[in-house]
Each structure stands twice: as C-alpha cells, then as structure tokens.
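What follows is a set of notes on a single structure, which appears directly below.
The values are calculated or read from the model by the stated rules, or taken from the named source; none is laboratory data. Since this is a predicted model, take the numbers as computed values, not measurements. For neighbour counting, all protein chains shown are included, and Cβ atoms are generated from backbone atoms with ideal geometry for every residue, glycine included. These area figures cover heavy atoms from the full protein model, side chains too; ligands, DNA and RNA do not enter into them. Shrake-Rupley method; radii C 1.70, N 1.55, O 1.52, S 1.80 Å.
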Amino acid sequence: MAKTCWPYFDPEYENLSTKINPPRVSIDNTSCSDCTLIKVDSMNKPGILLEVVQILADLDLIVTKAYISSDGGWFMDVFHVTDQQGNKITDSKTMEYIEKVLGPNGHRIDRIKMWPGKRVGIHSIGDHTAIELIGKDRPGLLSEISAVLAGLQINVVAAEVWTHNRRIACVLYVNDDITSRAVDDPKKLSVMEDQLQNILRGCETNDDDDENKVARTSFSMGFTHIDRRLHQMLFADKDYESCGLTSDSDHSPPSSKSTVTIDRCEEKGYSAVSVRCKDRPKLLFDIVCTLTDLQYVVFHASISSDGPDALQEYYIRHMDGCTLDSEGEKERVIKCLEAAIRRRVSEGLSLELCAKDRVGLLSEVTRILRENGLSVTRAGVTTVGEQAVNVFYVRDASGNPVDMEMIEALRKEIGHTMMLNVKKSQGPAVANKAQGPEASGWAKTSFFFGNLFERFLA
C-alpha cells in the first residue's frame, strides 16, 4: 500500500498573526471626567466583539457609550464605562484583570482563578455538573425543581433562572453533597433526569401556543457563558414568536418596551439595525450575543445613553456577506432582539437572601416563597465560601405587584436563620453618582450582597 504523506501544519500557526500584532488594551482615567475609557485594538477574528463585551458585563461595568469598528482585518473599540455607582474604574485588581484577559495572553488565562468571585457568569466553576432545564413556567415550579435535587442530596452551587413569554429556562450548577464533586453516578443522574422531566412535563398542556414546545432536561459539561446559554435555550424554544405574547404582555413592565428598526445602508452594503429602549446593565451584551448567535457580523456600532434611554446602532452583514433583504428575515431579527431585551427585565420587588450554604437551602427558600403566594420571575444563586447568596425577583401568583403584608409574613417565617433584604426594582435605570445601590434594581448578585454579606459575617 502506498504511503500517504500529509503536509505539516504548525499548531501555533493560527496564533502567528496575534504574535505579530498582539492585542493592545489601554485604560484611560484622564480623558473623561465622569467615566473610564477602555480601548481595545487587535487583529479581527470571529466573535471577538462578544468576547470583549462579555468580559465587561461579567465585571458588572456600566457601558454608557461605545464606538466599535471591525471593518477589515483590525478590531478597534472604545468603551466608556463606570462601576455600578457611576464612578470611574480605579480598583487596581479590576484594571489588571481587564488588561490581562483582553491582552496578548488572554486566551491562556484561567479567568476563574483570576476572578474567583465571578463564578456565576462563567460556565465552569470547578467540579460540578451543569443541568439545563426549559419548559412551561408556572408558580412554584422552581420550588419543585429544587425539592427534587434536595431529595437526592444534590447541592446547588450556583444557578440562573429566567422566565419569558410563559417559558422558564434555567441553568443549575450542582455537585454531590457526599463527595463534593460532579455527579457521576449514572443511576443517580438517570433518576434526577426522570424526576425533573416529570415535573416539567406536568406543566405542559395541549394549548395551540405550546404544541411545538417540549420540556427538556439535559446535563452538560460545556463551557458556554451562562447568560449566553440562557439566551440560546430560549431562542431554540422560540420564545420570540408571537404565541403567548398577549397574556404575558399584560404584566410586561414599561421598561421592557423597545423599538427595533432595520434599514439598508446602500453606500457601504450593510444592514443598519437601530435599537431604542430603556437603558440597563448588560443590554449591550444581550444584543451583541443575539446578533452573534443569529450569525450576523457587526462591522461598526455606536452605543449611547441619554438619561434613562439607550440608543444602539449596528451595521451588520450575515456571515455569508449578505444583508437583510427579505421582510421575513428582518421581522425575525427584530423579534429576536426584542425578546433578548425583555428576558432580563424584572420590575417589582427583589428579595436578597444570605445564609450558610447547605443541601436543601434553595428548596427551603423557594418553598417559603411559594407558600407566601410569591412567584419567581428571575433568580440568581451563587455560593461564596460557605455562604449562599441569592436574589429573587418576585410578583404574586397572578402577576400583580406584591403586597407588603406578604413580605412581612415572609420575614417572620425566615426568622434569624437568613439575612433578608427587600428592594423595589423600578426598571433598568443605570446607576450614577446620585443613585446608590438602594435606587438601582439592576445590580448583579455579588453587588447586591456587598453590605448584607458583611453584616451576616460580622
């Protein structure tokens, strides 16, 4: 048999251009009086914009303005950012982290070890199993899910839960309480999957709206960013379609309203996407993530905030180089962007709880919420050391504002075993110097628990 010879390719060849022209990152605190400028220059590559925006979002930075250009072989971005209180970025560890992960050796850095406090935002938090669930939402569903896990001695290390258009999507990071490692017992995994599937299947109906939507439970060891994964799950579930919008829109907060238009830019051969809506943290990430997963490339973009409102303009083409020409394609992109904006909007009350972590804690908390007539619309759960820190956005079972008598009953039942803080979330207003943490309902879990966590440990 003749011997076949194949050409040799150096495995480092793909990184050659990066070595020749390494990324440059600068953090400028002098040019603007009210914000920090983060400038990123590098060789252009697929997905680089989402990667940069994702890192800024995970650090809870507020992007007030941005100018993006990646037409050709070079990627040049300028981001005007502040912290959650509207101040410049002056923390040396934060600045060092940004420079390292966006710099020449960013692809080699373990972001978890460098920034261990941001574990919820990354789809890898040590020795865990990731559970993905999607199905029809109903009051008390999260309580039933967590009760199943507690019954199997499965500890929830972290979780993110979103609801939109009567659907629920959640990603839970769990481990075996006995071994403190990922759940690898095939029998236990099978039992867990069957029980969770039965709960989700019990929510499904034969309504025309849901006839093509099937509840799903899956286990994953992947490394997709958790917020991106939730967007992908709800997109695959077609939550952007008109079905279910009527009943859900009755409770849609005013801040979820958005205007998305798509026009053709004849001179440059782009499609111009314009988004106007209430500003909020992670809005830029949600839109860039959606465009990327729809396989559109952003060549230029301009982001600005005018008071409570945001205007974002993107000049895009499909990955195959085509623009959005058909009305059907434009309508689909508009619906997907509007859904991406609404998924993270939660108004009403947010409940912040801090307690010593243990198996069954999430089950106990969600059971108490359910028994007090509260329905969870969005949740973030994480663990810091031996302490569990959780945020639940709630409304009553009918979708109406929560009666404060319910909250007082909740305080009495929780007693002294947990720290409880209640905040009124008044929409996605961006924090500024005159607007402290109490006025902003959009802080991330780690930000929510700054003072609360310190009091608990005192």
Projected label distance in nm at Thr259 and Asp306, using a 7 Å step from Cα toward the beta-carbon | 1.0
Which whole-number percent gives the relative contact order of region 259-344, counting Cα pairs below 8 Å spaced six or more residues apart?
-> 34
Go through Lys187/Lys335; Lys39/Lys423; Lys39/Lys424; Lys188/Lys356 and tell me which ones have a Cα-Cα distance over 32 Å in this structure.
-> Lys187/Lys335; Lys39/Lys423; Lys39/Lys424
Equivalent ellipsoid semi-axes for region 20-111, as square roots of 5 times the alpha carbon gyration tensor eigenvalues: give them largest first, rounded to whole Å.
-> 21, 15, 12
With a Förster distance of 45 angstrom and the Cβ-Cβ distance between Arg358 and Met404, calculated FRET efficiency to the nearest 0.05 equals 0.95
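Could you do me a favour and compute the accessible area per residue for region 349-424, 1.4 Å probe, result in Å²?
Value for region 349-424: 43 Å² per residue.
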Relative contact order, percent, of region 20-111 when contacts are C-alpha pairs under 8 Å separated by at least 6 residues?
-> 32
For the peptides 37-49, 130-142, 358-370, what is the packing order when you average, over each peptide's residues, the other Cβ atoms within 10 Å and list the highest mean first?
-> 130-142, 358-370, 37-49
Computed ³J(HN,Hα) along region 364-376: with the Karplus parameters 6.51/-1.76/1.60, θ = phi - 60°, integer Hz and x for glycine or proline, the list is 5, 5, 5, 5, 5, 4, 5, 5, 9, x, 9, 10, 8
At a 1.4 Å probe radius, carbon and sulfur cover how many percent of the accessible area of region 242-393?
-> 47
Note, Ala409: beta-carbon cut-off 12 Å, +1 each Lys/Arg, -1 each Asp/Glu, net -3
Length released on extending from Asp184 to Gln197, taking residue separation times 0.36 nm less the Cα-Cα span = 2.8 nm
With no solvent and one equal point scatterer per Cα, compute the Debye intensity ratio I(q)/I(0) for region 349-424 at 0.14, 0.17, 0.20 Å⁻¹ and report its log10, rounded to two decimals.
-> -0.40, -0.59, -0.82
Arg216/Lys424 FRET efficiency (R0 25 Å; Cβ-Cβ; nearest 0.05) = 0.15
Ranking Lys335, Lys93 from most to least accessible area with a 1.4 Å probe gives Lys93, Lys335
Around Gly307, with a cut-off of 11 angstrom between Cβ atoms, what is the net charge of the other residues, counting Lys and Arg +1 and Asp and Glu -1?
-> -2
Residue-normalised accessible area of region 20-111, given per residue in Å² at a 1.4 Å probe = 44
